[in-house]
Amino acid sequence: MGSGALPLILLLMSFIHAGLTQVRPKPVVKVTPDQPVFSGETVTLTCDIQRAGNTQWTYSWFKHGYIFYPYASAAEYSFTASVSDSGGEYSCRGERSDSQRSDISAAVTLTVSDSPRSTLIVIPDSPVFTGETVYLKCVFESYSDWKQRNGLTYYLRYDWTPDWRYEWYKGTDSVMLQLSDGYTVNRDTLTIRGATESDQDLYWCRGQRDERPQSSQISSAVSLSVMDLPRSTLTVTPDSPVFTGETVNLKCVIETHSNWRRRNYQNDGTYDWTPEWRYEWYKDSVMLQSSDRYTVNRDTLTIRGATESDQGQYWCRGQRDERPSSSQSSSAVSLSVKDLPRSALTVTPDSPVFTGETLNLKCVIESNHSDWRYEWYKDSVMLQSSDGYTVNRDTLTIRGATESDQGQYWCRGQRDERPQSSQDSNRINLADNVSSSGQISVFSILSFLLAACPYLLSTVVLLFKYYRARVTSTEDHSQYSVTEEQTST
């Protein structure tokens, strides 16, 4: 080799050495958002190759030193974080289009924390009863509990105590509830007023906020069961219509616990209410109070001596101190009150009645029923059949009337079926109707004179006119005879 070739060889070797010892670019993995990352957030890892120039790069991602996403065209790799991703060591490497590679970046350890937990509480305990007010309260894990559970130091920026907005969901299709007449919200509490069976479903909640963490975990679903209140049935004895004067019993029968359980497919014996009801009674929607006419014995309201003012719509319900605190209101029962059939007493013959005559008193009842038994009263004493009194169904016969039969008479009917009684008849006073046949009473004389007076007066007037006519005729005749005698002389 000539002396001129040696410098050339040395120069070439220096260029080769320089190329082989050129420093390769060093990537850096950047994590967005800042750590700690919350489960459910979208995490973006960026492979930032320093001094990359304008050369086109592809990227490969490693986790715990093993490649899992090779030759990506973008420098960013995104995924939804879960707690299982926490502790993962992520690194990257770039490769140029001329097949030169960068170094593998330093590994970045990802910290993923749980979002704050949500718990949904239902008050009162399920099952709830129709008509009750139900409160669903969404309780979030406190910041200190969350921090301790995730093994974190205090991050002031993540203290979420005051600034949650609450979201409420119902049903398997996760329908978000909106405020309405049925639902009202006061921060962490959803209120259902007057629960119905349509409110029965799955419920859950979660929180949202403007800062990180922007969301809580969704609470576990809570099943809300809505049961019918125990049924009430109102029975009336006797059947309506009732008659004035009758005693009426209204009985409030509340469904037994066993029947209610069976009807609602409920096996829990917690709500056994058998001995505990207090009963409320209503007439035309006004609550009745005990009085002289209304008496209450637990489940029975008694109306004594019914009158037309007792007509109306009656219903009942039960109340108790434990849940269910009320039964359903019974269906309204219409109570009609009718007058008892009227009775009318007639006497034959007409007044006056004389001793020894036969007197018939007839009791006529306005009724379609023919099975009446008749009761007869004289001066409020009930008459019994005797030698002096005989009864043939609706007629009382007094044979051979005497002055001892004078008095006040009335009648009424009785029967075994309803109506069991008629009204009392009118009173007939026989006090002055029975007179002795051998001696005309003053009443008879006065009656005769009053009846005969017009005839007597007419007779007197006629006799007077006849007398005057006779006198006038005699005077005229006498005067005529005197005149004749004077003329002849």
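The values are calculated or read from the model by the stated rules, or taken from the named source; none is laboratory data. What you see is a predicted model; the values in this text were computed from it and never measured. Positions of Cβ are backbone-derived with ideal geometry, glycine not excepted, and every protein chain shown enters the neighbour counts. Note: accessible area is taken over every heavy atom of the protein model, side chains too, but ligands, DNA and RNA are not part of it. Shrake-Rupley method; radii C 1.70, N 1.55, O 1.52, S 1.80 Å.
Couple of notes before you dig in:
- Straight-distance crosslink candidates among lysines, where the alpha carbon sits under 21 Å from Lys378 and sequence neighbours closer than 8 are dropped: Lys362
- Positive contributions from Lys and Arg (+1) and negative ones from Asp and Glu (-1), summed over other residues with Cβ under 13 Å from the Cβ of Ser219, come out at +1.
- The figure for Ser380 is an accessible area of roughly 90 square angstrom, using a 1.4 Å probe on the protein chains alone.
- When each of Lys283/Lys338; Lys137/Lys170; Lys26/Lys147; Lys251/Lys338 is checked by Cα-Cα distance, pairs over 24 Å: Lys26/Lys147
- Ranked by the mean number of other Cβ atoms within 10 Å per residue, highest first, peptides 59-66, 71-78, 340-347 order as 340-347, 59-66, 71-78.
- Computed from point charges on the beta carbon alone (+1 for Lys and Arg, -1 for Asp and Glu), the dipole magnitude for the range 208-257 about its Cα centre is near 200 Debye.
- Electrostatic tally near Asp199: other residues with Cβ closer than 14 Å to its Cβ, Lys and Arg +1, Asp and Glu -1, net -3.
- Distance between the range 176-224 and the range 369-424 - C-alpha centres, whole angstrom: 79
- For the peptides 101-113, 176-188, residues were scored by their other Cβ atoms within 10 Å and the scores averaged per peptide; the highest-first order is 101-113, 176-188.
- Charge tally in the Cβ shell below 12 Å around Gly40, where Lys, Arg are +1 and Asp, Glu are -1, Gly40 excluded: -1
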